[in-house]
Amino acid sequence: NGYVYIGSKDSNVYQLNATNISQLIAYYTTGGAIDSSPAVANGYVYIGSNTNFYQLNAINISQQIANYTGVSGSSPAVANGYVYVGSDDYNVYQFNATNISQKIANYPSLGRIVSSPAVANGYVYVGSEDHNLYQLNATDISLLNVCFETWSCSTWSICANNIQTRTCTDANACGTVADKPSESQACSSDLGGHIAQSSGGGGGSSFVSPVLNVTPDKPVEIIINNSNMDLNSLVLNVKKEAANSSINITKLSANNSILLTGLPIGRLYQAFIIEPGISNSNIINATINFRINKTWLAENNITFHYNKEKFWLLEDNIVGNIILYRNPDGANAWLPLTTSYSYQDNESYHFYAYSKGFSTFAIFLNKYDCLPNSARCDNSEVQVCLGNSTWLVTEHCTYGCQGRVCSTGFFQSDQFKFLSLVIIIAVIIIGLILIFYKKIKRKSKVKLSRKERKEIRKQKKKMKKEIKKYGRRIKKESRKNKNIRVRRVRIKRK
């Protein structure tokens with residue numbers, strides 16, 4: 001339309017002559033720095049600052065049509081009568097293109113959205129800093145139109161020719177295999193375990209397995225078939241040969257308050273002690289394979305999500321994770337182990353973690369007080385959440401921090417706002433003091449009665465008559481005696 005539109009770090013949107021950009025047509029001042037590009041459509045300019053999203057008149061952008069507070073992030077996309085924009089608050093928003101103060105829908109991701117959405121074929125495609133690409137319904141973006149693979153696998157076959165196999169199927173039949181678990185794995189023909197006969201017939205709170213002929217060149221897997229323990233198996237790698245040793249596993253009560261001491265905010269699923277008949281110093285590493293029951297998650301209103309090697313939990317809209325913790329010395333020092341998702345079957349989700357020895361372990365569901373990778377401003381610093389109330393300082397701000405980013409100049413800084421507030425308060429206080437002083441001054445004046453005021457007026461008239469009388473006499477005498485000089489004197493009234 002013959003104009004160039006551009007946003008600036010100085011909080012302004014500029015409208016320039018497209019033929020000669022040295023000619024400024026108009027500008028509009030927003031509430032914060034502008035990092036995204038504007039979109040122009042239907043006679044409007046759509047652009048976001050780091051605090052708000054704006055709709056301006058494309059002929060004269062100094063005229064605001066509408067705005068929406070709290071949305072900042074990506075460049076917008078306009079299509080089908082809607083405006084789509086990503087935000088730093090992890091959401092994608094859909095607005096009425098005629099009036100963006102009317103929000104149609106939003107969709108939450110698990111990370112900041114700084115890239116512009118793309119709209120085609122009835123879908124909105126947008127990427128997030130949670131490392132996912134989302135495909136949303138363009139009519140209502142609160143509806144997710146992407147197919148998530150949900151794999152379930154059979155149990156591993158008996159080890160044959162150093163290979164174990166299984167069959168995995170996608171319950172949603174997405175037709176993709178990006179998240180398909182492995183259907184084969186290497187094994188050793190002499191892997192296996194012995195299950196001790198317990199009083200519960202395989203369902204007691206303890207498990208004992210003899211381990212025979214453990215050698216450095218062959219990992220040993222102990223299969224744990226105990227319905228009361230959600231442990232699948234242990235895999236050991238040792239430095240030196242060990243014989244006639246056993247692994248003892250005891251399940252601990254999840255209601256033990258002492259056991260919970262030192263663990264972060266969250267929910268304990270199961271805890272157990274693994275006592276090896278082999279010295280921990282002889283163990284190179286161990287793999288602990290465990291599971292979490294789907295029915296237990298549903299009863300506690302917890303949902304499990306998995307996408308491209310990332311998994312997370314949602315409980316009452318609070319994000320969490322599954323971590324296997326180890327307590328190596330019996331104190332309150334719980335160490336989180338690297339925990340990975342393996343696969344799922346009809347009953348459970350399966351995970352594994354690596355440890356350098358055996359001791360007390362806890363399958364724990366973390367709850368994050370802050371969303372990982374979310375940002376905040378604190379004491380002129382930009383901080384990023386690492387989870388469990390741990391914040392990492394990523395940037396120090398010279399002029400203060402606002403809207404999760406550093407202010408670009410003094411006039412956008414918190415110091416300037418504070419100084420302005422102090423000046424305003426000082427002006428108000430001085431004004432109140434002056435008003436109070438004037439009232440006191442008025443009250444301090446002597447109030448005369450009506451009779452006294454009448455007497456004062458009477459005395460004034462009398463004085464005037466006397467002055468005139470003496471004035472006439474002086475003039476008369478001056479005419480008789482030419483040597484007398486008369487000078488007018490102004491008498492001040494008191």
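The values are calculated or read from the model by the stated rules, or taken from the named source; none is laboratory data. Owing to the predicted nature of the structure, the values given are computational and were not obtained by experimental measurement. All Cβ positions, even for glycine, are placed from backbone atoms using ideal geometry, and neighbour counts span all protein chains on display.
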Residues of the range 1-13 classified as among the small types (G, A, S) and outside any loop (DSSP other than H, G, I, E, B), total: 1
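So that you can scan it fast, the table gives a plain yes or no per residue for (1) among the charged types (D, E, K, R); (2) at pLDDT below 80; (3) on the phi > 0 side of the Ramachandran plot; (4) surrounded by 12 or more Cβ atoms within 10 Å (Cβ to Cβ):
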site	(1), (2), (3), (4)
I363	no, no, no, yes
N373	no, yes, yes, yes
Q383	no, no, no, yes
Q402	no, yes, no, yes
C406	no, yes, no, yes
S413	no, yes, no, yes
S420	no, no, no, no
Number of the exception - I258 against (1) under 17 Å from S355 (Cβ atoms); (2) among the β-branched types (V, I, T); (3) at pLDDT below 85: (1)
Any hit, the range 67-86, residues being at pLDDT 90 or above and in contact with a Leu (Cβ under 9 Å, 6 or more places away or on another chain): yes
Output for the range 321-347, where each listed residue is touching a residue at least 24 places away in the same chain (Cβ under 8 Å) and either crowded, with 19+ Cβ neighbours inside 10 Å or among the basic types (K, R) (or both): N321, I322, I323, L324, Y325, R326, N327, W334, Y343, Q344
Given (1) closer than 25 Å to R112 by Cβ; (2) exposed (fewer than 15 other Cβ atoms within 10 Å of the Cβ), number of the condition I21 does not satisfy: (1)
Which numbered condition Q15 misses (of (1) touching a Phe, Trp or Tyr at 6+ places or on another chain (Cβ under 8 Å); (2) surrounded by fewer than 21 Cβ atoms within 10 Å (Cβ to Cβ); (3) at pLDDT 90 or above): (2)
Looking only at the range 29-63, and only at residues there that are under 17 Å from K9 (Cβ atoms) and hydroxyl-bearing (S, T, Y), the one that is farthest from the chain's Cα centre (by Cα): T29
Candidates Y343, Y352, Y368, Y325, filtered to the one that is closer than 14 Å to G266 by Cα, among the aromatic types (F, W, Y) and at pLDDT 80 or above: Y325
Selection count, the range 29-38, where residues are buried (at least 19 other Cβ atoms within 10 Å of the Cβ) and of a type in the set (V, I, T): 2
T51 within 20 Å of V85 (Cα to Cα) and in contact with a strand residue (DSSP E or B) (Cβ under 7 Å, 6 or more places away or on another chain): no
Lone unmet requirement of (1) at pLDDT 90 or above; (2) more than 20 Å from the chain's Cα centre (by Cα); (3) closer than 27 Å to S407 by Cα; (4) surrounded by 19 or more Cβ atoms within 10 Å (Cβ to Cβ) for V4: (4)
Qualifying residues in the range 39-58 (those that are crowded, with 22+ Cβ neighbours inside 10 Å and of a type outside the set (F, W, Y)) - the one farthest from S115 (Cα to Cα): L56
All positions within the range 241-279 that are within 20 Å of D217 (Cβ to Cβ) and exposed (fewer than 15 other Cβ atoms within 10 Å of the Cβ): E241, A243, N244, S279
Selection count where residues are out of contact with any Lys or Arg (no Cβ under 9 Å at 6 or more places or on another chain) and either over 24 Å from I283 (Cβ atoms) or surrounded by fewer than 18 Cβ atoms within 10 Å (Cβ to Cβ) (or both), scope the range 222-232: 3
